[in-house]
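The values are calculated or read from the model by the stated rules, or taken from the named source; none is laboratory data. As the structure is a prediction and not an experimental result, all values here were calculated from the model. Cβ: placed from backbone, ideal geometry, glycine included. Neighbour counts: every protein chain shown.
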Amino acid sequence: MALTPSTMLPLGIKAPDFTLLDTVTSKPVSLQQIQGSKGTVIFFLCNHCPFVKHVNAELVRICNDYRVTGFGFVAISSNDVEAYPQDSPQKMWETARKENYPFPYLYDETQEVAKAYQAACTPDIFLFDSDLKLIYRGQIDNSRPGNGIPVNGRDLREALDNVLNNNPQRTDQKPSVGCNIKWKD
């Protein structure tokens with residue numbers, strides 16, 4: 001496992017478009033289909049990363065708390081499944097069921113979507129406003145496996161609350177840290 005931080009895309013960029021296979025429903029899902037009236041959250045995840053496993057339950061809680069307020073949520077896995085078969089679409093389906101993901105879990109087989117978002121790690125988090133302009137990217141909170149800080153989603157929740165309350169976003173956004181995306185050769 002290589003400890004990798006987010007690349008921290010410039011704020012204000014437009015969300016790159018995509019249509020990917022949802023491993024739970026076996027149907028294609030587009031960015032427009034998951035776009036929320038208040039904003040859209042995109043998680044880059046994978047099944048095997050201990051950093052993702054550490055925050056899975058909180059990601060589910062955040063989605064359940066905020067999707068009713070007008071946010072759309074989606075998770076994308078872009079790992080090379082030849083080298084990491086535990087991240088295959090079948091295993092993604094199993095993880096989504098086990099973790100009760102309330103959001104689509106999409107498979108980025110070509111890795112083009114991860115490259116378009118400059119996703120670097122899992123988890124890598126992006127929040128776009130109602131016009132699909134990037135307003136937050138980075139960590140969920142300060143908790144990491146083994147650091148003793150409880151997972152509470154503070155940073156992402158604050159960003160979502162800022163949208164709901166028409167408050168400006170913090171400028172000191174901290175990068176997420178996790179396993180690197182497993183790129184194909």
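Just for the range 82-120: of the residues that are without any contact (Cβ under 8 Å) to a residue 40 or more places away in the chain and not in a helix (DSSP H, G or I), which one is farthest from N47 (Cα to Cα)? Here the residue is T110. If the condition is being without any contact (Cβ under 8 Å) to a residue 60 or more places away in the chain and within 13 Å of Q139 (Cα to Cα), then the range 149-169 contributes R154, D155, E158, A159. Filtering the range 157-174 to residues that are modelled with pLDDT under 95 and under 17 Å from D124 (Cβ atoms) leaves nothing. Restricting K133, K98 to residues that are among the basic types (K, R) and more than 23 Å from L21 (Cα to Cα) narrows the list to K133.
Being part of a strand (DSSP E or B) and hydroxyl-bearing (S, T, Y) is the filter here; which residues of the range 1-45 pass it? Correct list: T4, T19, S30, T40. When the range 157-185 is filtered for residues that are β-branched (V, I, T) and farther than 19 Å from P5 by Cβ, only V163 remains. The single residue among E94, E99 that is surrounded by fewer than 18 Cβ atoms within 10 Å (Cβ to Cβ) and either over 12 Å from the mean Cα position of the chain (by Cα) or of a type in the set (S, T, Y) (or both) turns out to be E94. Based on what the data block shows, is H48 closer than 18 Å to P123 by Cα, in contact (Cβ under 8 Å) with a residue 12 or more places away in the chain and assigned to a helix (DSSP H, G or I)? Against the criterion (closer than 18 Å to P123 by Cα, in contact (Cβ under 8 Å) with a residue 12 or more places away in the chain and assigned to a helix (DSSP H, G or I)), H48 does not qualify. The set of residues in the range 121-140 that are hydrophobic (A, V, I, L, M, F, W, C), buried (at least 22 other Cβ atoms within 10 Å of the Cβ) and assigned to a loop (DSSP other than H, G, I, E, B) contains only I140. Within the range 141-185, the set of residues being in a loop (DSSP other than H, G, I, E, B), among the aliphatic types (A, V, I, L, M) and surrounded by 13 or more Cβ atoms within 10 Å (Cβ to Cβ) comprises V151, I181.
Can you find a residue in the range 72-84 that is farther than 18 Å from T110 by Cα and modelled with pLDDT of 95 or more? Yes, the range 72-84 contains at least one residue that is farther than 18 Å from T110 by Cα and modelled with pLDDT of 95 or more.
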